[in-house]
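Below is one structure; the comments refer to it alone.
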Amino acid sequence: MRILTLLFGLVFSLMFISCQRNDVYREFHKFENYTWERFDKVKYDVTIEEEGLSADIILSVRYLEQFPYEMLPINIVLTTPSGEERIIEKEIRIRDENNAFRGSVAGSYWDVDETLWKGFNFNKKGTYTIELENIHPRPGVPALVDLGLTVRKI
């Protein structure tokens, strides 16, 4: 039994490491008092060292069971090293059509991932800035632990 447990641990560790190997960038922003105030911006500076890199840009939302809404509406601005901007509005679905939480759970923490850009072409080396803004109509969105941004090479 002990050998089986060690083998399972080894396989899990290798899977975790291999998934991380394709991550070019991964950063998390924690919210004070678990609240994201309206119009507050979360900024990520992503340095790309490989010209022509094709990658998925993924947003991870960690929230508590007390999250009161179905959706988390955000405005996203991606600025390239040359100053070009790409802007999208996105509603991150937190609850499904049956009002059940989406994502994976550990205790009272839930995690849901949303691909913002699939196969984004980083055509130049340099720093790309990604700003996320809370555009929920209420003054502050409670029960948000953190937002993570991952750039995963494909």
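All of the numbers you see were taken from the coordinates with simple rules; none came from a lab. Computed from a prediction, not measured in an experiment: that's the story for all the values here. As a convention, Cβ positions derive from the backbone with ideal geometry for all residues, glycine included, and neighbour counts pool all protein chains shown.
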Item to complete: Look at segment 81-113 and say how many of its residues are exposed (fewer than 10 other Cβ atoms within 10 Å of the Cβ), under 18 Å from L144 (Cβ atoms) and not aliphatic (A, V, I, L, M).
Response: 1
Worksheet entry | Within segment 114-154, considering residues that are farther than 15 Å from K43 by Cα and of a type in the set (S, T, N, Q), the one surrounded by the fewest Cβ atoms within 10 Å (Cβ to Cβ) | N121
Worksheet entry | Hits in segment 121-150 (condition: in a strand (DSSP E or B) and farther than 18 Å from I92 by Cβ) | N121, F122, G126, T127, Y128, T129
